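The values are calculated or read from the model by the stated rules, or taken from the named source; none is laboratory data. The model shown is predicted, which means the values in this text are computed figures rather than measured ones. A quick note on method: Cβ atoms are made from the backbone with ideal geometry, for glycine too, and the neighbour counts reach across all protein chains shown. Just so you know, the surface numbers come from the protein's heavy atoms only, side chains and all, with ligands and any DNA or RNA stripped out. Shrake-Rupley method; radii C 1.70, N 1.55, O 1.52, S 1.80 Å.
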Amino acid sequence: TEKIHPESESQPIISIQTSHGQVYQTRYLIAADGVHSFARKSFGIPMMGNRSMQNLMNIHFRTNPKLSNMLMEDSDQAMLHFVYNSHLIGAFVCHDGRRGEWVLQVPFFPPYQTMDDFSIDKVRDMVWAGLGVDRHEANECDFDVLSIRPWTMSSLVAQSYVNKSNNMILVGDAAHAFPPAGGFGM
């Protein structure tokens, strides 16, 4: 965590204190400190847009080597796999298919749904329904559920990418928050 102390505009020096107590002074700062940017907040730069486009449940799972090989037989695998069938609507995000790192994103509708609707057994059924692999026929194929977490998709952009003194610039997630699959017209 950093502490940023914007100085007066007549002297555009930025003092930064790290979480370890080190203090740095600089004339220019590139703020790449993420979607909850401390720098952006310190300089009072608001975010504009839609804070809640959709709620999703992230199901992070790891396939065993046999299932990973089965899923990656085609070497031209895409990163995003959208599934719409009678058992599941969701998007599989392949972080590393060879190592079996995946996330399944499923629409989540609070308050009509709660974490209880995403038990390990229900989540495992969802993953199998989306993989297109019959778990009863896929001998020795399996996966481990690593986490089940809700999140809210946003579409936000900083009102300005620079501070009033023009010596701090926001980059990356500090400047915008948008769906991981694209800007959707941002």
### Task
Return the residue satisfying two criteria in turn: it lies in the range 50-67 and is at pLDDT below 90 and of a type in the set (A, V, I, L, M, F, W, C), and of such residues it is surrounded by the most Cβ atoms within 10 Å (Cβ to Cβ).
Leu67
### Task
Answer with yes or no whether Met70 is in contact with a Pro (Cβ under 6 Å, 6 or more places away or on another chain) and either at pLDDT below 90 or surrounded by 12 or more Cβ atoms within 10 Å (Cβ to Cβ) (or both).
no
## Note on the structure
Picking from Gly100, Gly132, the residue that is farther than 15 Å from Asn58 by Cα, in contact with a helix residue (DSSP H, G or I) (Cβ under 6 Å, 6 or more places away or on another chain) and not hydrophobic (A, V, I, L, M, F, W, C) would be Gly100
### Query
Residues of the range 73-90 being more than 17 Å from the chain's Cα centre (by Cα) and open to solvent by less than 70 Å² (accessible area, probe 1.4 Å), which ones?
Gln77, Ala78, Val83, Asn85, Leu88
#### Entry: Any chance Met79 is modelled with pLDDT under 85 and over 24 Å from Phe178 (Cα atoms)
no
### Task
Could you tell me which residue of the range 1-22 is most open to solvent (accessible area, probe 1.4 Å), considering only residues that are touching a strand residue (DSSP E or B) at 6+ places or on another chain (Cβ under 8 Å) and either modelled with pLDDT of 90 or more or within 13 Å of Val162 (Cβ to Cβ) (or both)?
Pro6
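So that you can scan it fast, the table gives a plain yes or no per residue for (1) assigned to a helix (DSSP H, G or I); (2) open to solvent by less than 30 Å² (accessible area, probe 1.4 Å); (3) in contact (Cβ under 8 Å) with a residue 60 or more places away in the chain; (4) touching a Cys at 6+ places or on another chain (Cβ under 6 Å):
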{"residue": "Gln113", "(1), (2), (3), (4)": "no, no, no, no"}
{"residue": "Arg124", "(1), (2), (3), (4)": "yes, no, no, no"}
{"residue": "Val127", "(1), (2), (3), (4)": "yes, yes, yes, no"}
{"residue": "Asp134", "(1), (2), (3), (4)": "no, no, no, no"}
{"residue": "Glu137", "(1), (2), (3), (4)": "no, no, no, no"}
{"residue": "Thr152", "(1), (2), (3), (4)": "no, no, yes, no"}
{"residue": "Val157", "(1), (2), (3), (4)": "no, no, yes, no"}
{"residue": "Asn166", "(1), (2), (3), (4)": "no, no, yes, no"}
{"residue": "Ile169", "(1), (2), (3), (4)": "no, no, yes, no"}
